[in-house]
Amino acid sequence: MTREENSAAQANGTAHFDAVIVGAGFAGMYMLHRLRALGLSVRVFETGDGVGGTWYWNRYPGARCDVESLEYQYGFSDDIQREWNWTERYAAQPEILRYQNYVADKLNLRKDIQFSTRVTSADYDARSGEWTVETDRGDRVQTRFCIMATGCLSAARVPDFPGVEDFDGETYHTGAWPHEGVDFTGKRVGVIGTGSSGVQSIPIIAEQAKHLTVFQRTANFTLPAGNRPLSKEEITASKETLLTDRQHARETAGGLICFEYNEALAEEMTPEAREKELRERWTQGGFAFLGSYGDIMATKEANDIAADFARAQMRSVIKDPAIVDILLPDDHPVGVKRLCLDTHYLETFNLPHVDIVDVRANPIERITKSGIVSGGREYEVDVIVFATGFDAMTGAILGVDITGRDGMKLRDKWAAGPRTYLGLGSAGFPNLFFITGPGSPSVLSNMIVSIEQHVDWITDCLSRLTSGNVRSIEATPDAEDEWVAHVNELASETLYPQANSWYMGANIPGKPRVFMPYTGGVNVYGEKLAEVAAADYEGFRLDA
Ligand code: FAD
Ligand code: N01
């Protein structure tokens, strides 16, 4: 923006920033830190009234990470890693949120974040090369770069059940939990949904509730998390190797080093060796189980062996054979919906005051003043907990009315599924970036490793643009088409598309069925990002 344009904008009441970042979770916070260090003026807008994103919103009982705390933390600052001490193998939500607030304080981030403000629209003006960003608080700001740090799992969704507004009791969504908590003591509670949020919250809700009815549409594979306190020795040892560990994590497919993938194929192992591998990894807890052998996510035969093993373990915990039939997953390969890590989830269904209703067999028909109707029967409850998930990966991005070059709406462009180059940008939308956007490893990885990978890349890119007199960067349609085809092809070589998962958009009626994340791994993807940057942003058009 020229000085004259800037003065005109200010006279109009339109502030100007070099960059606007939407969202103040792990991604927005780190992006802000990096761009300030480049000397750019930055404004972050955040709907919530504090930092933290996922960990600000998901305060339901039992919420904790499923990537181990020692890896589920920022890796960019030796200082931060040395100062902060995690207490458990899988940190609970309050501890993660405390950590994010500690980082915000340490880096003095809040002064550039406007809280309680939702971005409603972003419009690109090709003449000025600027985005105009508007908010629900009446802000109207201009910016050269617009960065969507809006999160893959941040658009919480209550399904369109008829009668939901008639319910007389309390309703909560796990992804928008009240800050003051919820007391279920003495209440009849209905939980709808048995993904990770349901699996984590159900055992704790059952401890308090007078009666709990769980409404399950899809039985999920779930294995004991094996959570425990971290010892002083583990914490001290981890600090010795912080930086090399993080580098190593970036060189793995999942952005994780707490386990290694066994590369042998199932058929190359004896049944005894396979059983041993599966058992050891099951006992270890966490995602190690999915690394038991090399083709677990690639062929049905290999996957079936692991799925049968998992079902046998699950069966051994449940007492009532009728409940076994409902709780054991049999309609999708193990791992193609996100594996749930639990603490006493299956055991909860052995309790006399806990029931499960199979809403695959008998879908929820409606919600009434006093309960939930399924299979013609009304289940009376005082409280309904919607553990029904998110409009994942695209919901929060498309929640902003984004208009690019020539009036093109991102919503229209993505009507048949998201189209990006590298998950970072989309043709027709210059200087607009997505952090962990669709088409990148994102939700198939340790998200903080993927967030840092994107933030570092975007920072280098903006440094190149601002120091090299380049006005804009934009994915070319050809590079984007090739990348979308590549992402689809890689996914089709796996079992992932075989489940009705949120990875596929299948949890939202009418959402296009497209496998959204990149399955090639953080390591391979990182090499591609580096090659693109080294070739002066090959596949992007740079305009002076
Ligand atoms: P978010 O944390 O989702 O932050 C996005 C922010 O953008 C939100 O605060 C939102 O309010 C804001 N926002 C969105 N739209 C707008 C708008 N229009 N205007 C203003 N603000 C807006 N990943 C892992 O790797 N390991 C885990 O163990 C793990 N556990 C998880 C547990 C739960 C309960 C959930 C829901 C997800 C979990 N994830 C996990 C994924 C998790 O989302 C990421 O790890 C990470 O926290 C994402 O950070 P982010 O900053 O990209 O997005
Ligand atoms: O959401 P989900 P989530 N009628 O979409 C059901 C991360 N996370 O919040 O499977 C009846 O997984 C739906 O049924 P179905 C993690 O990446 C991590 O639990 O679609 N039921 C499902 O059972 C995770 O994958 C942790 O058939 C309906 C449930 O609601 C992601 O966030 C903790 C329904 C939704 O499950 C999302 O998890 C929490 C309907 N109309 C979240 N609509 C950790 O452990 C939906 N359902 C770290």
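Of the numbered conditions (1) surrounded by 16 or more Cβ atoms within 10 Å (Cβ to Cβ); (2) over 24 Å from the mean Cα position of the chain (by Cα); (3) without any contact (Cβ under 8 Å) to a residue 24 or more places away in the chain, residue 137 satisfies every one except a single condition; which is it? Single failed check for residue 137: (1). Among 56, 74, 60, which is the only one that is out of contact with any Ser or Thr (no Cβ under 6 Å at 6 or more places or on another chain), within 16 Å of ligand 2 (Cβ to nearest atom) and either among the hydroxyl-bearing types (Ser, Thr, Tyr) or farther than 17 Å from residue 447 by Cα (or both)? Step by step, each of 56, 74, 60 is checked, and only 56 is out of contact with any Ser or Thr (no Cβ under 6 Å at 6 or more places or on another chain), within 16 Å of ligand 2 (Cβ to nearest atom) and either among the hydroxyl-bearing types (Ser, Thr, Tyr) or farther than 17 Å from residue 447 by Cα (or both).
Would the range 169-177 turn up any residue that is within 16 Å of ligand 2 (Cβ to nearest atom), polar (S, T, N, Q) and part of a loop (DSSP other than H, G, I, E, B)? Among the residues of the range 169-177, not one is within 16 Å of ligand 2 (Cβ to nearest atom), polar (S, T, N, Q) and part of a loop (DSSP other than H, G, I, E, B), which makes the answer no. Of the residues making up the range 200-220, those that are surrounded by 23 or more Cβ atoms within 10 Å (Cβ to Cβ), closer than 29 Å to residue 50 by Cα and of a type in the set (Val, Ile, Thr) are 202, 205. Residues in the range 295-325 that are among the small types (Gly, Ala, Ser), at pLDDT 95 or above and under 26 Å from the mean Cα position of the chain (by Cα): 306, 307, 310. Count of the range 488-529 residues, restricted to those that are of a type in the set (Val, Ile, Thr) and not in a loop (DSSP other than H, G, I, E, B), is 2. Mind checking whether some residue in the range 397-407 is among the charged types (D, E, K, R), within 13 Å of ligand 1 (Cβ to nearest atom) and either touching a residue at least 40 places away in the same chain (Cβ under 8 Å) or buried (at least 19 other Cβ atoms within 10 Å of the Cβ) (or both)? Within the range 397-407, one or more residues are among the charged types (D, E, K, R), within 13 Å of ligand 1 (Cβ to nearest atom) and either touching a residue at least 40 places away in the same chain (Cβ under 8 Å) or buried (at least 19 other Cβ atoms within 10 Å of the Cβ) (or both).
For the range 200-213, a tally of residues being more than 7 Å from ligand 2 (Cβ to nearest atom), under 13 Å from residue 342 (Cβ atoms) and in contact with a Ser or Thr (Cβ under 8 Å, 6 or more places away or on another chain) returns 4.
Residues that are hydrophobic (A, V, I, L, M, F, W, C) and more than 28 Å from residue 288 (Cβ to Cβ) within the range 206-226 comprise 209, 212, 215, listed in sequence order. Evaluate the following for residue 164: is it away from ligand 1 (no atom under 12 Å from the Cβ), β-branched (Val, Ile, Thr) and surrounded by fewer than 22 Cβ atoms within 10 Å (Cβ to Cβ)? Against the criterion (away from ligand 1 (no atom under 12 Å from the Cβ), β-branched (Val, Ile, Thr) and surrounded by fewer than 22 Cβ atoms within 10 Å (Cβ to Cβ)), residue 164 qualifies. Of the residues 249, 237, the single one that is at pLDDT 90 or above, outside any strand (DSSP E or B) and in contact with a helix residue (DSSP H, G or I) (Cβ under 6 Å, 6 or more places away or on another chain) is 249. Among the residues of the range 185-223, count how many are more than 16 Å from ligand 1 (Cβ to nearest atom) and either over 23 Å from residue 161 (Cα atoms) or among the acidic types (Asp, Glu) (or both). The qualifying residues number 8. Flag set for residue 480, criterion: assigned to a helix (DSSP H, G or I) and either within 30 Å of residue 339 (Cβ to Cβ) or out of contact with any helix residue (DSSP H, G or I) (no Cβ under 6 Å at 6 or more places or on another chain) (or both). Within the set 274, 246, the sole residue that is within 21 Å of the chain's Cα centre (by Cα), touching a residue at least 24 places away in the same chain (Cβ under 8 Å) and away from ligand 2 (no atom under 16 Å from the Cβ) turns out to be 246.
Just one residue in the set 122, 149 is touching a residue at least 24 places away in the same chain (Cβ under 8 Å) and in contact with a Cys (Cβ under 6 Å, 6 or more places away or on another chain); that residue is 122.
Against the test of being part of a strand (DSSP E or B) and among the polar types (S, T, N, Q), the options 213, 194 yield a single qualifying residue, 213.
For the range 351-380, what are the residues that are buried (at least 17 other Cβ atoms within 10 Å of the Cβ) and under 19 Å from residue 61 (Cα atoms)? Correct list: 354 only. Counting only residues that are surrounded by fewer than 20 Cβ atoms within 10 Å (Cβ to Cβ), over 13 Å from residue 418 (Cβ atoms) and more than 10 Å from ligand 2 (Cβ to nearest atom), the range 495-512 holds 3 of them.
Of the candidates 325, 331, 342, the single residue that is in contact (Cβ under 8 Å) with a residue 12 or more places away in the chain and surrounded by fewer than 21 Cβ atoms within 10 Å (Cβ to Cβ) is 331. Applying the criterion of being over 12 Å from residue 385 (Cβ atoms) and away from ligand 1 (no atom under 16 Å from the Cβ) to the residues of the range 168-180, the residue that is surrounded by the most Cβ atoms within 10 Å (Cβ to Cβ) is 168.
Results for (1) among the basic types (Lys, Arg); (2) under 24 Å from residue 336 (Cα atoms), shown as yes or no for each residue.
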site: 379; (1), (2): no, no
site: 382; (1), (2): no, no
site: 390; (1), (2): no, yes
site: 413; (1), (2): yes, no
site: 422; (1), (2): no, yes
site: 446; (1), (2): no, yes
site: 450; (1), (2): no, yes
site: 458; (1), (2): no, no
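Condition check ((1) at pLDDT 95 or above; (2) over 28 Å from residue 153 (Cβ atoms); (3) of a type in the set (Gly, Ala, Ser)) across all residues:
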| residue | (1), (2), (3) |
| --- | --- |
| 366 | yes, no, no |
| 370 | yes, yes, yes |
| 373 | yes, yes, no |
| 377 | yes, yes, no |
| 381 | yes, no, no |
| 384 | yes, no, no |
| 389 | yes, no, yes |
| 394 | yes, no, no |
| 398 | yes, no, no |
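Scanning the range 530-544 for residues that are part of a helix (DSSP H, G or I), in contact (Cβ under 8 Å) with a residue 24 or more places away in the chain and surrounded by fewer than 19 Cβ atoms within 10 Å (Cβ to Cβ) yields one hit, 533.
Within the range 181-199, restricting attention to residues that are of a type in the set (D, E, K, R) and buried (at least 18 other Cβ atoms within 10 Å of the Cβ), the residue that is nearest to residue 388 (Cα to Cα) is 188.
The values are calculated or read from the model by the stated rules, or taken from the named source; none is laboratory data. Everything quoted here is computed from the prediction, not taken from an experiment. Glycine also receives a Cβ, built like all others from the backbone with ideal geometry; neighbour counts cover every protein chain displayed.
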